[in-house]
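What follows is a short report on a single structure.
Derivation of every value follows stated rules applied to the coordinates shown; laboratory data play no part. Every value quoted in this text rests on a predicted model; they were computed, and no experiment measured them. Using ideal geometry, Cβ is built from the backbone for each residue, glycine included, and neighbour counts are taken over all protein chains shown.
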Amino acid sequence: MGNVPIGLAPAISIVRIVRSKMLSLLPVIDLKLGDLSLLLSGAIIDAAHLAGSYLDFERANEESQRLLDEAKLIADSKICKQFPNLDFL
């Protein structure tokens with residue numbers, strides 16, 4: 001149980017960031033992403049409590065930002081390869 005909070009904690013921030021960015025594009029998924037965020041939060045808090053773990057949300061937020069930055073680089077690279085003549089600026 002001790003690894004659950006460490007592994008899943010960045011997921012909460014990722015879901016919340018994606019939810020806020022997608023709200024204007026796909027408002028129908030807002031409720032589902034909100035539910036997912038609550039479910040993940042509950043699972044992480046319960047697992048941390050059972051394992052006696054400390055939740056470091058600052059570290060989790062840094063990790064989630066690193067993961068999102070990496071995903072953006074990969075997506076941008078694939079888009080540029082597939083659509084080389086498109087200017088996204």
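What the table below lists for this structure:
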read-out	value
Given (i) 53, 26, 18; (ii) 34, 30, 19; (iii) 49, 27, 14, the label whose value is Cα extents along the principal axes in Å derived from this model	(i)
Spatially near lysine pairs across the chain, Cα under 22 Å, sequence gap of 8 or more or different chains	4
For segment 31-89, size of Cβ-based charge dipole, Lys and Arg +1, Asp and Glu -1, in debye	260 debye
Cβ-based charge dipole, segment 3-82, positive-most Cα from 37, 20, 3	20
Gaussian network model of the chain, springs between alpha carbon atoms under 10 Å - residue of 78, 32, 21 with greatest fluctuation	78
Loop chymotrypsin sites (Phe, Trp or Tyr not before Pro), segment 14-89 (other Cβ atoms within 10 Å of the site Cβ: 10 or fewer; DSSP)	54, 88
